[in-house]
Amino acid sequence: MNSLGRIFRISIFGESHGPGVGVVIDGCPAGIPLVVDDFLPDIARRKPGARGTTPRQEADLPIIQSGVFQQHTTGSPITIWFENQNIRSADYEKQRDVPRPGHADFVARVKYGGYEDYRGGGHFSGRLTLPLVAAGVIAKKILQSGDSPVDIQARILEIGGETDLDKGLEKAIAAKDSIGGIVECTATGLPIGLGEPFFDSVESLLAHAVFSIPAVKGIEFGAGFRAARMFGSEHNDALIDTLGKTATNHAGGVVGGITNGNPLIFRVVVKPTSSTPKTQHTLNLRTGEIEPFQVKGRHDLCIALRVPVVLEAVTAIVLADLMLIAQQRPTRYPGV
């Protein structure tokens, strides 16, 4: 549904063109220093403004409504709210009967019987990544508070198949179309032992969270799909010390679903923005005819440009939850 996590548990709410969007965070430990300014650097990284991003501008100032007192978390649920101010809903009212290709318009209409908020994608909108980023800021603080701080960094590897990002954007501009990309995320400082075999493996939990980011269509860990072309002796990571360090890291820092102390490394595929300026064809639900269609409104040329900070956020949310789970139970029976 709209919640994620076992101990550090988040629930997101709101719609793109509704009053606002927000997040409720339960299970956050008490005593973590937290002020509005802590959120601003990551929020700024998610904001549009760079070449290839939407011209829609929002203040995106977090309003902390609960769970923080005297600039520290209290241990009770934290509610953070962001107002929507720069709204142009008329762009969407005109296309009610014409589902946009690549969007959730049609499936949402069928699933919710026409009661869904269709403006700007409603609850399906990338606007909902803003509360994810806010929750990620708090999760990062949890990960930084231990004896061995965990650092998470994401970066764009390529756009439109080009490692020169400007060249990739130029391809989209020349084609008057949108374009996709690949983003890599690395987490260092993780202890050995986070995660479980099978359904609660680190890969399973991260993939679950990562696919909550709109436009993500694929994920690979370590060597990823290259492993299909490798020999086992080549892919295996040989131990070189008692701390778990390995000579290579083809596993991406996870073996048997459990962190092995090496850097956690994974990459995600971000599809081209579905809202493209190029004329397409779709079904008019009112007339039953296929007709030419062009998306109106304000949209990103390449949504991958805004994904890195969101990817860091969901990664931090999952890892913070795993850290809190690990702290609640021993890894072995007492006396063993």
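The values are calculated or read from the model by the stated rules, or taken from the named source; none is laboratory data. Given the structure is predicted, the values throughout are model-derived calculations rather than measurements. Reconstructed Cβ throughout: ideal geometry from the backbone, glycine too, with neighbour counts over all protein chains shown. Surface accessibility is based on the protein's heavy atoms, side chains included, excluding ligands, DNA and RNA. Shrake-Rupley method; radii C 1.70, N 1.55, O 1.52, S 1.80 Å.
I'd like to know if segment 63-72 contains one or more residues that are open to solvent by less than 30 Å² (accessible area, probe 1.4 Å), farther than 17 Å from residue 15 by Cβ, outside any loop (DSSP other than H, G, I, E, B) and not acidic (Asp, Glu).
Filtering segment 63-72 for residues open to solvent by less than 30 Å² (accessible area, probe 1.4 Å) gives 67.
Filter once more, keeping what is farther than 17 Å from residue 15 by Cβ: 67.
Restricting the remaining residues to those that are outside any loop (DSSP other than H, G, I, E, B) gives none.
Scanning segment 63-72 turns up no residue that is open to solvent by less than 30 Å² (accessible area, probe 1.4 Å), farther than 17 Å from residue 15 by Cβ, outside any loop (DSSP other than H, G, I, E, B) and not acidic (Asp, Glu).
Applying the selection to segment 15-36, what residues are over 30 Å from residue 146 (Cα atoms), part of a strand (DSSP E or B) and either touching a helix residue (DSSP H, G or I) at 6+ places or on another chain (Cβ under 7 Å) or β-branched (Val, Ile, Thr) (or both)? Break it down stepwise before answering.
Going residue by residue through segment 15-36, those that are over 30 Å from residue 146 (Cα atoms) are 15-21.
Keeping just the survivors that are part of a strand (DSSP E or B) gives 20-21.
21 - this is the single residue of segment 15-36 that is over 30 Å from residue 146 (Cα atoms), part of a strand (DSSP E or B) and either touching a helix residue (DSSP H, G or I) at 6+ places or on another chain (Cβ under 7 Å) or β-branched (Val, Ile, Thr) (or both).
Would you please name the residue that is nearest to the chain's Cα centre (by Cα), looking only at residues in segment 32-82 that are modelled with pLDDT of 95 or more and among the acidic types (Asp, Glu)?
It comes out as 42.
Find all pairs meeting these conditions: Cβ atoms under 9 angstrom apart; at least six residues apart or on different chains; first residue within segment 74-99 and assigned to a helix (DSSP H, G or I); second residue modelled with pLDDT of 80 or more and open to solvent by 60 Å² or more (accessible area, probe 1.4 Å).
Once the first residue is assigned to a helix (DSSP H, G or I) and sits in segment 74-99, its partners that are modelled with pLDDT of 80 or more and open to solvent by 60 Å² or more (accessible area, probe 1.4 Å) give 91/119; 92/118; 92/119; 93/118; 93/119.
Among the candidates 316, 304, 320, 238, which residue alone is of a type in the set (Gly, Ala, Ser), over 26 Å from residue 199 (Cβ atoms) and crowded, with 21+ Cβ neighbours inside 10 Å?
Result: 304 is the single residue among 316, 304, 320, 238 that is of a type in the set (Gly, Ala, Ser), over 26 Å from residue 199 (Cβ atoms) and crowded, with 21+ Cβ neighbours inside 10 Å.
If residue 141 satisfies all but one of (1) in a loop (DSSP other than H, G, I, E, B); (2) surrounded by fewer than 19 Cβ atoms within 10 Å (Cβ to Cβ), what's the number of the condition it fails?
(1)
Determine if segment 141-152 includes at least one residue that is modelled with pLDDT of 90 or more, out of contact with any Cys (no Cβ under 6 Å at 6 or more places or on another chain), among the β-branched types (Val, Ile, Thr) and farther than 30 Å from residue 321 by Cα.
Looking for residues that are modelled with pLDDT of 90 or more, out of contact with any Cys (no Cβ under 6 Å at 6 or more places or on another chain), among the β-branched types (Val, Ile, Thr) and farther than 30 Å from residue 321 by Cα, one finds none in segment 141-152, hence no.
What about residue 154, is it open to solvent by less than 30 Å² (accessible area, probe 1.4 Å) and either assigned to a strand (DSSP E or B) or over 21 Å from residue 210 (Cα atoms) (or both)? Talk me through it step by step, then tell me what you get.
On the way: open to solvent by less than 30 Å² (accessible area, probe 1.4 Å): yes; either assigned to a strand (DSSP E or B) or over 21 Å from residue 210 (Cα atoms) (or both): yes.
In short, yes.
Of all the residues that make up segment 191-206, how many are in contact with a helix residue (DSSP H, G or I) (Cβ under 8 Å, 6 or more places away or on another chain) and open to solvent by 60 Å² or more (accessible area, probe 1.4 Å)? Write out each step before concluding.
Taking segment 191-206 first, the residues in contact with a helix residue (DSSP H, G or I) (Cβ under 8 Å, 6 or more places away or on another chain) are 191, 193-195, 198, 202, 204-206.
If we keep only those that are open to solvent by 60 Å² or more (accessible area, probe 1.4 Å) as well, we get 198.
Of the residues in that region, 1 qualify.
When segment 299-331 is examined, which residues are found to be assigned to a loop (DSSP other than H, G, I, E, B) and more than 21 Å from the chain's Cα centre (by Cα)? Quick ask: steps written out before the conclusion?
Initial filter on segment 299-331 (assigned to a loop (DSSP other than H, G, I, E, B)): 299-302, 329-331.
Correct list: 329, 330, 331.
Please give the strands (runs of 3 or more DSSP E) falling wholly within segment 160-273 in which 1 or more residues are on the phi < 0 side of the Ramachandran plot and of a type in the set (Asp, Glu). Break it down stepwise before answering.
Values: elements: 181-188, 216-221, 264-270.
Of the strands (runs of 3 or more DSSP E) lying wholly inside segment 160-273, those with at least 1 residues that are on the phi < 0 side of the Ramachandran plot and of a type in the set (Asp, Glu) span 181-188, 216-221.
Check segment 245-268 and report whether any residue there is open to solvent by 10 Å² or more (accessible area, probe 1.4 Å) and under 30 Å from residue 120 (Cβ atoms).
yes
If residue 129 satisfies every condition in (1) at positive phi; (2) open to solvent by 10 Å² or more (accessible area, probe 1.4 Å); (3) not basic (Lys, Arg) but one, which is the exception?
Result: residue 129 passes all but (1).
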